[in-house]
Amino acid sequence: MVHCKVVGTDLIEWAERASQHLRIADEISKRTEGRSARKQNASLHPSFYTKQSIKHTILAAEAFRICGEYHWFDSAKAYGLAASLYAEALHDPKEAANVFTESAIVMEKIDSNFANEYYRKAVSQHCDSAQYHSAALMQERMASNFHKKGDYSVAIEEYQRASKLYGAAKITDDSDRTLEKAAYLLGTLGKCKESALSYQSLAVRNTHENIKKFNAPNMMLKGALLLLHHCLQSNQPNLDEVIEFVEHMYSLDCRFIESPQHDFIVDMIQCVRFGELDAFADCVYSFNLLSELDELVLTVLDGIKENIFTKIADKEGMVPT
């Protein structure tokens, strides 16, 4: 009978293996630091010993990783040390970025804030090696971490950086997608004017690509509604800014004036200007035929409705409910 020998999974044993690899890596580093060691080993380039140190440090990180949650921090720290050696001693940004990413993935199991610090280092190294697509992926992952934790202000900045990196990599679809996420979060935070300008920027970008031109009216629709909501929040609402916002699109795409999205915006402006609540209800009823009715749009439309209702109440001496 043949007995198959499988790999052992004893956690104490793997932790000891990891510690042993770290001791070897430390000994190699100490030997290469001294001037006398360099003379004794003149036949080998110093980078050889650095690579050996990195090898054992990564083996330690992997062994700690196998040990599970009680050694995740040790694993991430070891990966980070190996990545630093790649970056500072070997000047190899590509490998440094890859190992910093491994460190971040492990650290993410403990604390996403600590993980993001390693992701930042990975992004920096990816940019140094002109790996902009990889840098953008890491940047977006950071943004997603902040988004999940509810830190929208930082998430917005990270999504905007990711959009720029995707743009540098000439991946326009992902660049637009991450910029749209930033625009949405700006609106969610109540920064409606900034959100409107971001959606306008997306509309402008879409007009420059034939296969995306049909997305521009929806972007302008969302942007115009956000700007309208922003204008109505002031004590003396001025709709001229919204009209100029819409008219700017005419010079970019002459077909926009004939789109149903343009008609909806014009109707909405008229509803606000003349306090037509019934006409507003008719417009909202047909919104789903034009674009997605998401939570941000619902919030904006509700704010516009409240403004119209308040205007009617003031005119008729009613008490708003």
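The values are calculated or read from the model by the stated rules, or taken from the named source; none is laboratory data. Predicted model only: the values in this text are computed from it and were never measured. Backbone-built Cβ (ideal geometry, glycine too); neighbour counts: all protein chains shown. When the accessible area is computed, the model is the full protein with side chains, heavy atoms only, and any ligands, DNA or RNA have been set aside. Shrake-Rupley method; radii C 1.70, N 1.55, O 1.52, S 1.80 Å.
Quick notes
- The packing ranking, built from the mean of other Cβ atoms within 10 Å per residue, places the peptides 188-198, 231-241 in the order 188-198, 231-241, highest first.
- Only protein atoms count toward the accessible area here, which uses a 1.4 Å probe; on the chain, the carbon and sulfur part of that area reaches 53 percent.
- Length added when fully stretched, Ala279-Lys315, from 0.36 nm per residue minus Cα-Cα: 11.2 nm
- Pairwise label distance in nanometres, Arg120 with His45, each label 7 Å out on the Cα-Cβ vector: 3.3 nm
- Descending Cα extents along the principal axes, region 128-209, whole Å: 38, 34, 15
- Between region 191-221 and region 260-294, the alpha-carbon centres lie 19 Å apart.
- On Cα atoms only, tilt of 46-67 relative to the major axis of the chain in degrees: 70 degrees
- Value of Rg to Rh for region 41-170 (Rh from inverse mean 1/r over Cα pairs, i.e. Kirkwood): 1.04
- Calculated FRET value between Lys305 and Glu247, using beta carbons and R₀ = 22 Å, to 0.05: 0.30
- Pairs of Cα atoms nearer than 8 Å and 6+ residues apart set the relative contact order; for the chain it is 8 percent.
- Cβ-Cβ distance of Lys55 and Asp173, R₀ of 30 Å, FRET efficiency by 1/(1 + (r/R0)^6): the value works out to about 0.15.
- Among the listed pairs Lys77/Lys164; Lys191/Lys222; Lys94/Lys148, those beyond 22 Å (Cα-Cα): Lys77/Lys164; Lys94/Lys148
- Relative to the longest principal axis of the Cα atoms of the chain, helix 216-232 runs at roughly 70 degrees.
- Contour excess over end-to-end distance, with Cα ends at Arg31 and Asp111 and 0.36 nm allotted per residue: 25.3 nm
- In whole percents, the pair-distance distribution calculated for region 88-147 from its alpha-carbon pairs, binned every 10 Å from zero, is 28, 54, 17, 1.
- Computed extension length for Gln236-Leu298: 20.0 nm, one decimal, from 0.36 nm per residue of separation with the Cα-Cα distance subtracted.
- Rg ratio (alpha-carbon, reference 2.2 N^0.38 Å) - the chain: 1.45
- Counting only Cβ charges, +1 for Lys and Arg and -1 for Asp and Glu, the dipole size of the chain around its Cα centre is about 1900 debye.
- Computed from the C-alpha gyration tensor, the three semi-axes of the ellipsoid equivalent to region 214-294 are 19, 16, 11 Å, from longest to shortest.
- Helix content alone sets the calculated 222 nm mean residue ellipticity of the chain: runs of n ≥ 4 DSSP H residues at -39500 (n - 2.57) each, divided across all residues, give -25000 deg cm²/dmol.
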